[in-house]
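The values are calculated or read from the model by the stated rules, or taken from the named source; none is laboratory data. As the structure is a computational prediction, the values presented were derived from the model and not from experiment. Every residue, glycine as well, gets a Cβ built from its backbone with ideal geometry; the counts of neighbours run over all protein chains shown.
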Amino acid sequence: MGRYIIKILISYFLLVNPVYSEKIQAFNFTIDEFDSLEVKKVKKLTTYKLGSNENGNFLRAEAEGVGSGLGKKLKIDLEKTPFINITWKIEKDLRGIIENSKKGHDFAARVFVVKKTGLTALSNKAINYVFSSNNSVNEHWRSPYTKSSIDYVLSTTKEHSNEWVTVKSNVKDDFKKLHGLDVKVLDGLAIMTDTDNSKLKAISYYQNIYFSSE
């Protein structure tokens, strides 16, 4: 068979057999997974409950003057799957607080991605992807409590109130832009709904959190 015919066949094969993007599920929101998650309490416990709808499992979070997160150690190769994908919804937001202040540093929904950079937890670097109640998408600032964590707005209830929204961000690029770090592998991630500073009430939902190649 001639080289010209082989090239045609290869081109045809690539057209009818596309390369699918790689996908790494971060949370499955199953009972087994829920029982294995690490609980990080700031002030009393946020109420987390599992549920499901036509799109799969989800996690419902409710907090009123409390704050705790659910996390897991998970190695994510950002060279292969740098994009975090989050589907979430805010039923009751925290309108009116100043989110970049200590008294108002609460979020109805947030997802942390963590890179271990030292021997202690305090030395770790984190990006805190948030569903803001007061700021605009792509705004970001350093946490008022630690220089090691950056709050980065991916969704806002000014645009999406009590409706599911799906967002995506390039975590590798974000670490470079926000922390000046070239991160190849993530070490963990966590979910948190907290109102321990504002003393207000928030209700939110998380679903289908995963990493992808594109």
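Identify, please: which residue in region 70-102 is in contact with a Ser or Thr (Cβ under 7 Å, 6 or more places away or on another chain) and part of a loop (DSSP other than H, G, I, E, B) and is, among those, farthest from ILE191 (Cα to Cα)? Per the criteria, the residue is LYS80.
Okay, residues lined up against (1) surrounded by fewer than 21 Cβ atoms within 10 Å (Cβ to Cβ); (2) among the aromatic types (Phe, Trp, Tyr); (3) more than 21 Å from THR46 (Cβ to Cβ):
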position	(1), (2), (3)
ALA61	no, no, no
GLY65	yes, no, no
GLY69	no, no, no
ARG110	no, no, no
THR117	yes, no, yes
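Among the residues examined, ASP93 qualifies as closer than 23 Å to ARG142 by Cβ, more than 17 Å from the chain's Cα centre (by Cα), crowded, with 16+ Cβ neighbours inside 10 Å and acidic (Asp, Glu). Quick check on region 29-36. Is at least one of its residues aliphatic (A, V, I, L, M) and surrounded by fewer than 18 Cβ atoms within 10 Å (Cβ to Cβ)? Yes: one or more hits. So in region 160-191, with the set limited to residues that are at pLDDT 95 or above and hydroxyl-bearing (Ser, Thr, Tyr), which one is surrounded by the most Cβ atoms within 10 Å (Cβ to Cβ)? Across region 160-191, the extreme among qualifying residues is SER169. Screening the candidates SER36, SER68 for the property of being of a type in the set (Gly, Ala, Ser) and farther than 26 Å from ASN162 by Cβ yields one hit, SER36. In the set (1) in contact with a helix residue (DSSP H, G or I) (Cβ under 9 Å, 6 or more places away or on another chain); (2) at pLDDT 95 or above, the condition left unmet by LYS116 is number (2).
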